[in-house]
Structures are given as structure tokens and as C-alpha cells.
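So the structure is just underneath, and the comments pick up after that.
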Amino acid sequence: MIQLNNIEKYYANKGVKNYVLRLVTTTINQGEFVSIMGPSGAGKSTLLNIIGMLEEPTYGSYEFLGEDVTALNERKRIELYRNHIGFVFQAYHLIDEMTVYENIEAPLLYKKVGGAERASRIADLLDRFNMVAKKDLFPNQLSGGQQQLVGIARALAAQPSIILADEPTGNLQSAQAEEIMELFKKLNQEDGITIIQVTHSEKNAQYGNRILHIADGVVKEDVLVG
Amino acid sequence: MFSLNLKIALRNLWRNKVITAINIGGLAIALAAFIIVTMYFTFETGFDRANPNYNEIYIIGRNLPDFKTNYTSPPLGKTIKAEVPEVVSVGTMKVSFFEIPVTSKNAVVFLSKCLYLDYEAAKMFNIKPSNGLVKPESTTQNLFYLSNENYKTLFPNNKNGVPELVGLGSRSSGMTAKLSGSVYADPHSNIAFDAISVVKEVGLGEGYGYNNYNTYIQVKPGTDIEALEAKVNAIYKREMIKADEDPNHETFKATSAFLDPLKNQHLKPKAGTGIGYKILMALSVLGILILVIACINFTNLSIAQAAKRAKEVGVKKVMGAYRFQLSLQFLTEILIQCLVSTVLGLIIAEIILPRFNNLFGVNLSIWTANSALLWQLPLILIFITLIAGVYPAMVLSGFKPALVLKGNFQKSKQSFWLQNGLLVFQFSIAVIFITGLLIINSQLTYMRTQDVGFKPAQVVYIKNLAYFASPGKFDPIRDRISKIPGVKSVTVANTIPDGSDGGKNSYTVDGKEQSLTFTGVDFDYFETLDIKIKEGRTFSREFKTDTVNSAILNEAAVAKYGLTHPIGKSIKGCQNKTYKIVGIIKDFKTLGFEKPVEPTIYSINDPCGNPKTEIMLKIEGSRMSEVLNTLKSQWPEINRLDGDNFRYQFLDEMYGRLFKKQEQLQSVFFAAAMLTVFIAMLGLFAFAKYITNSKIKEIAVRKILGASNLQIFKLINRTFLVMVVMANIISFPLAYILTKKWLETFAYRIDLPLLPFAMSAGLTILLTIITVSLQANSAVKANPVGALKYE
């Protein structure tokens, strides 16, 4: 599904190249649950951003679903966001002025999903995450764990084939973190959604089936779990 | 989608209530000003526009060596009509500004502008009497129409406009006229009138010397006006030579005829000052400036709040929103605010309008059915939405999700520069208006306090139609009035010193010919007006010759001739009459402060001037009302020729009207200064709020490191102060040039003072410190723990 070849990313500063990523080559298949691990500043988030097409690599090629996406125009990229990729963030990034319901609805509006279909999908998600009673609340009225649940529900609403999560439990207490990781595992195993997460926690990484260890922009280890 | 965006917009606006209120309120006030200016512009440029021949009508004027005039003689139009095929029709008219009373059994009305015009002119100007425009059959027939309002006053029961008989002038004159009906008198026309007399031909038997008429021509569409003007000028010159003008005389060589389109007549006629046009342009520029400033606030604030919205943009982009969808969303938000502002602006405009109407002597109204505002307002709305909205919409929708979603989003340096630049711009404009206002105030104070050379206070001007041309004719009236206790002196003249131009003529002293203004006066003229004598004496009954051939000159006239010992010299002019100079008076400013004092000759025997009709009395201030009451009751006996209606005005009020234009300007500048300062302060207030909010952490850290409150106030104020000082530096040269130019329009003016510059700098700096410190106060006083606890 994802094919990265010799991906490099550097920032040139006064003629000196500061490498963030060096010659990253890897393949991620449909249905995998990959955790990217490594110390701070190793380049984990940059790698995830490149996979999510939020940043462009300085060098190397990247194929998504068999298509070269290193130099994709905005329109094509947005099509991919609408249909294939869901993002989950450490800081949740819910839109503060929207209720829970509206936050989940937003991607469906951009995808131009019909009204009835939209209502049923949102109802479904709210039901599944036990948020029905909270649908008219605003993000600041929810706990962190609940906000992240809404964030995941929002990512799932468009029925993506892959979820990219940047430290999804980084701001959460351990009980809530476990809940979120269980949910990821379930989504991966039952719905077959590919998940790539960046994490610091060895424990969270164990929920997946593969770990990429990165240090100083280089993939040091690629191990299978379990 | 749209409804969701709308909801977000409203929730966002509600959450930032203060900033929203500042934004909408500031824009609404600016819009109110702009709406009024737009209405005024539409009105001022719309004179005669309803005329179907609007673009084809030209007035013929004459270039004379000293000035230009729209007055021409009646035969000129006829010759042009006969010889020039491009000219479709020629209309000639004469305006009478005499205040003539018209009486019926029921009431009396006073005509202040009566138009005497030929049938062709009436047709050209689309004049439609209620019973239809008819062509007078003979040259003696005279179709007299009153405006609908006047007609109604005189004949409230005559609905059909059936001809009626009215009395003209005083009853004693016994003059009557047949009224042919009523006519719609369009006040929005260059030839606005309150009565007309339509005849077959005007100025019958009058030759080329009778330049008392206005000649309008209507040309074929598409005529080459320059070529036509040359033709008209050639005809004019040829006819003048025929009429015995000397073709080699300097004056003749410098004289020519010109064409001036009707559409320019109201605002910038060739024969006129064009001050109306300048005021209109200044107002328009002002209106646009104020609106632009308010829009800048919008832009500034929208960008200042960008950080708050950045996350939304990033998230929406990764959810699959196109950039244009986001741009559209932000534009919609701004459109909503602009819409609210427009509605508020209309309400504010409605509230201000009566004052504006009063100041500019117009009668504008928002709620008329065919108001041009109907199409102008939507345009204004789109215009402001675009100016205020496009830039922030582009900036906001252009955020890169990877950057903003990382959480440590910083605005680029570039937009910071832009915001500072916009603030400096706002303050520069505010400073220009403050400085301008202060300088206008100084000049007006100077004008009000400066000695004008005569004392118009307690001088009453009595309106009168009877002629007192020949010396002595006025004596019985003077005697009667003088007997009333409280009257100090009485005189009559042919012009009053209220800014009206007198006639001009050539006079010769010692073989030197100069053009002088001549004023026909009577005994006690100089005493009534309290004009100082410089040399010699004023007119006196003790000298029998004074009613025959004595003349008094003013200093300007003496200077024009370069005379050193003028008393006793002979001055020749006005039908070759020779006068003896008996006195020199000090110059007095009959024309106000803009024009220099005209070199003038005063004489009692004045055969070439207009007849003396203007009666002036000097009355003791304490007995004013008593004297006026006595005069009112005795007037029919005192003035047997025109005593039906005692009407008077105070000379100081009439003279005060000369200041009106400048007072208008002062009011406009006052409003503009208040508005620009207010709006700039609003912008500053909101911007300071934003800056302070974004520096809360910095402030907390500094406090922990031991900074005092004062040091923090200084820190926050510093950037703003730099901007305000820069704004002052930028606008000083501009304000200097503009005010200098304005002052140069006065013949008598103050030296450009420097204090206003210092004052506006001080004022803006003070206001800035107050505004910013008010904003910074809460952040400075807050406990640093609160700001540092949460990340």
C-alpha cells in the first residue's frame, strides 16, 4: 500500500544540510498496524507527515496505492484525504466552535456524502463510541480521552483505508490511553484498517504488529511484534 | 456545508465579542460617513441629469482680460442659430434676483429667483407647466408661471391651474400680472427658479452691449465641440467688430467666447471658482479614506486572530477541504460582518443626515423610492467585503497543515510587518486630519477676531425695491427713520458689504487708466458701517458738491494708481464724468478673507451703477427690538414706494455667511479627525489586545525574572509608540503642504503655525499610551502562575 524509496528530508541552513530523514526505504502493506518509535527529534513525525503528504520529501520516491505521490497536485492530494486517509493528532485538534456531532460530520460534508447517509454514519459512530449523549457538547466540555475518541470517530467517518496517528495518547492518562489503543487494535483487526502511529511508549507499540525504530533520521530496526 | 460554516462563523464572532463589536462598530461608523458622502456625490453630480438633452447643452461664456463670465448678449445666440448648422436650438434667459412680492387675495409670496426666458430655452430645459408649455404667439405675450408651492400658497383652492391675476411689487405700484399657471420648479437644476416668464423672444432690441443674459445652445449629438467653439468665437469676434469694437484694442484681443457643458455648470463652471467641485472631491476622498481605514482594521484583526483559526484550517485541509472552500468560508464570515455593519451604518447615517443637510444646505434622504443607494449599497457591500476580506482569506486559507498542526505555530514575520504598516497608515491619516483641523481652527479664529475694517454689528439691512438713484430722493425717508429713538444713522447704497461684487468700470487719474469697482452710496454710509477715514473727509451735507461730483477712494485704489497726494485730484470715468477726490478710506474687507480688497471708488452721484436700493441702519444695541417694531409699524408710511412688507436682515449675519464654506470645511475636518482617530484607536485597541494576549507567557516569565509593572508597560508600549512616531513623521510634510495650499486660498491669512503639529503628535502619543496600557493592564496585573501553569 505504501512504498517509500530512499526518502530524504533535510533543511539547508547557511549551506549546511541538517538531515531529518536519511535514505528511508520501507513498505507498509494493507492491514498492517505499524508503530514508529524513537527518541525526540529522531524524525518520527516528519516521516508520518511525509506519509500523510503534509510534507514533501527533499529526495526519494513515495508510492501510495501504486501511485507516485511525491509531486501530487493539491486537488489529487485532497481526493486522497477525502477517500483514503484519516488523521488523529496528539492534541486532538477538534474544531472548538463545532459540537461533537459537527466535528464528526465535517469530513463527510467535504466528501459530499448525502444527508441521510451522513446521519446514519454519524449515528453509527456515536453509538459505537458511546458518545450519543455528548453529541451536542463542545470539545472543551469533554475530557481528553473523550476528545480523542471524537478525533478518531472523525477520522473514521470518511471510511478511510489508513489512519495516521501522531502520538494519539501522548496527552492522555494511562487508563484512557489503553482504551484508545484497544480501539486501534480492534479497528485494525476487525475492520482491516491500516494504522500507522508514532509513539514513545513501548507498551503502546505492542498493540501493533510491527515496529520501526528510528534514530537520527535512519531506520535502525524493523521488527515484527508478537 | 454552508449552514455549518455559518454556525462556526457566528460562534466565533460571539466568542470574540469585544473584537467583533469593535470591528462591526468601526466599520458601521465609517460606512455611515461613506453612505452620506455617496449620497451627496450623487446629488451634486446629478444636477439637470433628468434633462433628456443633458449631454448636448452648452452655455456660451466670455473670456475677458480679468475674468470669465457666463453673461452674454441676446443677439449673439440668434446669430449663432442662424449660421451654425450643428446648433439645434438656442435658448436665452435672464435671471432676476430681485426679491419681488407677488400678492393674491389670500397671501403674499416673495420671489427670490425669477427666470425670464424664451420658449426655446423652456423647451431645452424641459420645463413643463401644469397646463402644458405653449409657445407665446406674439412678442408682447408673456406667460408667467409660479412654482407649484408658491402657486398653492397664493391660490389654495385653485386646483386646475386656471389663469389668475396677481399683484406684483408693492400695492402702491398697482402693477398686476396675469398668471398663466403653475410649473414644477426642479430644485435639482442649474436654472432652479421660483417663477418663470416665458416669452417669444428675450432682449428685444438689445444689442451686443447688453451682456445680461445666459445663452444656452443645444448641439447635435456627436458634434466636435472644439471646432464648434472656434466657430462660435469667430462669430462673436466678427459681431463685436460690427458693433464698433476696436479690433486693435488690448481688451478686445484678450476677449473670446467659449462653450461650457451644462454638466459642468454646477460643480466646475469655467466662469466660476470650482470650489464646490473641490469640496466634493475632498469629501469623496475623505469618505473613501475613512472606509479604507475601517477595512484595514478588519484586515488587521482578521490576521491578528489568524493563530486562533490556524488549527481549524489545518484540520479542515487534512479532512479534505480545498483551499478555495476555506477562502470562501472566511469571505462569507467577513461578508456577514459587513452586512451587519451596512445595516448599522444606514441607521447611523439616518441619524446624522439632518445635521449634514443643515451644514451643506441640501435635502438628502435615504428612504426615497428611486434612490441611487438601491444599487450603490450592494456595490459598497461587495467592495468592502473584498477589501477587508480577500487578504485575510488568502492568508488564512494558505496555512500549511503540517506547520499549524504541530502546535507551535508562529506567524510569519511578513504579516507582522504588514500589520504594523497598516497601523502606521491609519495613524498618518489621523494625524493629517488633526493637524488640518487645528490649522483650520486657527485661521477661522483669526478671521473672526481680526478687524475687518468695518463694524457690521447692529447694522440692519432693510429689503427694498424702490429706487433711490438721484441724490436727495432718499432724504425724506432718512429724516423719518432718523426720528425714531435708537437709530444712530441711516444710509442707502447699491451694494452691501456682504461679499457681493460691485460693478467695474475704467477710471482715469493723471492719464492713468485703471479698472475700479464703483459703489453708489449716500450720506452717512461710512458712519453707518463705522469705516475709518485715512485722509480727507467723508461725504457731508455741508459740501453742496458732494451730491454732484465728489468721490472717495479706498487705499487699494490709491495704491493701484500709485498716488501719493490723492486728495483734490480729478478722477474721470463712468460716462466721462469727472469727480474730485475728497477722501481716502482705510480698506475694509467687503469680500471676506479669501479675496483681496477691491480698489473701489465711492460716490453719491453714480449714474452708471445699479440704482441705490439697499437701506442700512445703525441701531443702538439695547433698543434693537424696540426700533424694529416701530419700523415695522411705520414702514408703509416711511417708504411710500415699497412699504407693504417690512423685511430686514442683520448685516453681521449676512457677512458671516462668507465664512460658511470655511465653517463647512471646519465641520468636515472635525468629523473626519474624530472619525479617523476613533477608528485608528479601535484598530489599535484590538491590535494591542491581541499582542498582549499573545505575550501573556512572556510577561509572566519576565515578572518571575523580576520585571516591575512599569517596565512591562514600557515594553508593550514601545512598539506602538515607534509606530505612532513614525506615522507623525510621515504625515507632517503632507499635512504641511496641504494646509499651506489651503491657507494660500486666503488673501488674508495666518502664518502657518507649528503648534498644531506638536499638538497632534502629543495627542496621538497620549491616546496610544492610554489605549495600549488599558489593554496591557490585565495581563500585567495577573498572577504569572496562571499563565505559566498550562501549556
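Considering each residue of segment A:58-68, count those that are of a type in the set (A, V, I, L, M, F, W, C) and either assigned to a strand (DSSP E or B) or within 10 Å of another protein chain (Cβ to nearest Cβ) (or both), and give that number. If you could, list the steps in order and put the result at the bottom.
As a first pass, look at segment A:58-68 and keep what is of a type in the set (A, V, I, L, M, F, W, C): A:64-65.
Retained after the next criterion (residues that are either assigned to a strand (DSSP E or B) or within 10 Å of another protein chain (Cβ to nearest Cβ) (or both)): A:64.
Residues flagged as of a type in the set (A, V, I, L, M, F, W, C) and either assigned to a strand (DSSP E or B) or within 10 Å of another protein chain (Cβ to nearest Cβ) (or both) within segment A:58-68 amount to 1.
Hey, can you tell me all the residues within segment B:458-511 that are in a loop (DSSP other than H, G, I, E, B), more than 22 Å from residue B:527 (Cβ to Cβ) and more than 39 Å from the chain's Cα centre (by Cα)?
Correct list: B:510, B:511.
Does residue A:55 count as within 12 Å of chain B (Cβ to nearest Cβ), charged (D, E, K, R), assigned to a loop (DSSP other than H, G, I, E, B) and under 23 Å from residue B:311 (Cβ atoms)? Reasoning before the result, please.
On the way: within 12 Å of chain B (Cβ to nearest Cβ): yes; charged (D, E, K, R): yes; assigned to a loop (DSSP other than H, G, I, E, B): yes; under 23 Å from residue B:311 (Cβ atoms): yes.
Spelling it out, residue A:55 is indeed within 12 Å of chain B (Cβ to nearest Cβ), charged (D, E, K, R), assigned to a loop (DSSP other than H, G, I, E, B) and under 23 Å from residue B:311 (Cβ atoms).
Looking only at segment A:69-99, which residues are away from chain B (no Cβ under 12 Å) and modelled with pLDDT of 85 or more? So that I can check it myself, show each step before the final result.
So the first thing to find is which residues in segment A:69-99 are away from chain B (no Cβ under 12 Å), and the list is A:69-72.
Answer for segment A:69-99, where residues must be away from chain B (no Cβ under 12 Å) and modelled with pLDDT of 85 or more: just A:69.
Within segment A:80-101, track down each residue that is in a helix (DSSP H, G or I), in contact (Cβ under 8 Å) with a residue 60 or more places away in the chain and not charged (D, E, K, R). Let's see the steps before the verdict.
Here is the first cut: in segment A:80-101, the residues in a helix (DSSP H, G or I) are A:80-83, A:100-101.
Restricting the remaining residues to those that are in contact (Cβ under 8 Å) with a residue 60 or more places away in the chain gives A:82-83.
Hit for segment A:80-101 is A:83, nothing else.
Taking the condition in a helix (DSSP H, G or I), among the charged types (D, E, K, R) and more than 30 Å from residue B:611 (Cα to Cα), does residue B:448 pass? Steps first, answer last, please.
Details: in a helix (DSSP H, G or I): yes; among the charged types (D, E, K, R): yes; more than 30 Å from residue B:611 (Cα to Cα): yes.
So residue B:448 fits the description; yes.
For residue B:393, all conditions in the list (1) over 30 Å from residue B:695 (Cα atoms); (2) more than 14 Å from chain A (Cβ to nearest Cβ); (3) surrounded by 21 or more Cβ atoms within 10 Å (Cβ to Cβ) hold save one; what is the number of the exception?
So residue B:393 meets the others, but not (1).
With the structure loaded, tell me whether residue B:229 is assigned to a helix (DSSP H, G or I) and within 31 Å of the chain's Cα centre (by Cα) or whether it fails that test. Steps first, please.
Details: assigned to a helix (DSSP H, G or I): yes; within 31 Å of the chain's Cα centre (by Cα): yes.
Judged against the criteria, residue B:229 is a match.
If a residue must be more than 8 Å from every other protein chain (Cβ to nearest Cβ), more than 36 Å from the chain's Cα centre (by Cα) and of a type in the set (A, V, I, L, M, F, W, C), how many such residues does segment B:317-335 contain?
Restricting attention to segment B:317-335, the residues satisfying the condition of being more than 8 Å from every other protein chain (Cβ to nearest Cβ) are B:324, B:326-335.
Subsequent filtering for residues that are more than 36 Å from the chain's Cα centre (by Cα) retains B:324, B:326-333.
Cutting the leftovers down to of a type in the set (A, V, I, L, M, F, W, C) gives us B:324, B:326, B:328, B:330-331.
Total satisfying the criteria: 5.
Test residue B:195 against the stated conditions and say whether it is touching a Leu at 6+ places or on another chain (Cβ under 6 Å) and buried (at least 22 other Cβ atoms within 10 Å of the Cβ). Steps first, answer last, please.
Values: touching a Leu at 6+ places or on another chain (Cβ under 6 Å): yes; buried (at least 22 other Cβ atoms within 10 Å of the Cβ): yes.
Against the criterion (touching a Leu at 6+ places or on another chain (Cβ under 6 Å) and buried (at least 22 other Cβ atoms within 10 Å of the Cβ)), residue B:195 qualifies.
Confirm whether residue B:426 is in contact with a Ser or Thr (Cβ under 8 Å, 6 or more places away or on another chain) and either without any contact (Cβ under 8 Å) to a residue 24 or more places away in the chain or outside the structural domain of residue B:69 (by TED's automatic domain parsing) (or both). Even if it seems obvious, please write down each step before you answer.
Working: in contact with a Ser or Thr (Cβ under 8 Å, 6 or more places away or on another chain): yes; either without any contact (Cβ under 8 Å) to a residue 24 or more places away in the chain or outside the structural domain of residue B:69 (by TED's automatic domain parsing) (or both): yes.
Here the answer is yes, as residue B:426 does meet what is asked.
Would you point out the residue of segment A:134-143, among those that are surrounded by 16 or more Cβ atoms within 10 Å (Cβ to Cβ) and out of contact with any helix residue (DSSP H, G or I) (no Cβ under 6 Å at 6 or more places or on another chain), that is nearest to the other protein chains (Cβ to nearest Cβ)? Break it down stepwise before answering.
In the first step, residues of segment A:134-143 are kept if they are surrounded by 16 or more Cβ atoms within 10 Å (Cβ to Cβ); the result is A:134-135, A:138-139, A:142.
In the following step, the residues that additionally are out of contact with any helix residue (DSSP H, G or I) (no Cβ under 6 Å at 6 or more places or on another chain) were identified as A:138, A:142.
Working: A:138: 9, A:142: 16 Å.
Ranking the qualifying residues of segment A:134-143, first place goes to A:138.
I'd like to check something: does segment A:113-133 contain any residue that is within 9 Å of chain B (Cβ to nearest Cβ) and part of a loop (DSSP other than H, G, I, E, B)? Show your work before the answer.
So the first thing to find is which residues in segment A:113-133 are within 9 Å of chain B (Cβ to nearest Cβ), and the list is none.
Checking segment A:113-133: not a single residue is within 9 Å of chain B (Cβ to nearest Cβ) and part of a loop (DSSP other than H, G, I, E, B).
Given the structure, is residue A:43 within 14 Å of chain B (Cβ to nearest Cβ), within 25 Å of residue A:208 (Cβ to Cβ) and more than 15 Å from the chain's Cα centre (by Cα)?
Details: within 14 Å of chain B (Cβ to nearest Cβ): yes; within 25 Å of residue A:208 (Cβ to Cβ): yes; more than 15 Å from the chain's Cα centre (by Cα): yes.
Criteria met by residue A:43.
Anything in segment B:305-316 that is facing chain A (nearest Cβ under 9 Å) and under 16 Å from residue B:4 (Cβ atoms)? List them, or say none. Working first, answer last.
Taking segment B:305-316 and keeping what is facing chain A (nearest Cβ under 9 Å), we get B:308, B:311-312, B:314-316.
Of everything in segment B:305-316, those that are facing chain A (nearest Cβ under 9 Å) and under 16 Å from residue B:4 (Cβ atoms) turn out to be B:312, B:315, B:316.
Which of the residues spanning segment B:535-574 are more than 23 Å from residue B:503 (Cα to Cα) and loosely packed, with under 14 Cβ neighbours inside 10 Å?
As a first pass, look at segment B:535-574 and keep what is more than 23 Å from residue B:503 (Cα to Cα): B:535-537, B:540-545, B:564-565, B:567-568.
B:540, B:541, B:542, B:543, B:544, B:545, B:564, B:565, B:568, listed by residue number.
Is one or more of the residues making up segment B:294-314 modelled with pLDDT of 85 or more, of a type in the set (A, V, I, L, M), surrounded by 21 or more Cβ atoms within 10 Å (Cβ to Cβ) and more than 37 Å from the chain's Cα centre (by Cα)?
Scanning segment B:294-314 turns up at least one residue that is modelled with pLDDT of 85 or more, of a type in the set (A, V, I, L, M), surrounded by 21 or more Cβ atoms within 10 Å (Cβ to Cβ) and more than 37 Å from the chain's Cα centre (by Cα).
Condition test on residue A:102, is it more than 14 Å from chain B (Cβ to nearest Cβ) and over 14 Å from the mean Cα position of the chain (by Cα)?
Working: more than 14 Å from chain B (Cβ to nearest Cβ): no; over 14 Å from the mean Cα position of the chain (by Cα): yes.
So residue A:102 does not fit the description; no.
The values are calculated or read from the model by the stated rules, or taken from the named source; none is laboratory data. Computed from a prediction, not measured in an experiment: that's the story for all the values here. Cβ coordinates were reconstructed from backbone atoms using ideal geometry, including for glycine residues, and neighbour counts include every protein chain displayed.
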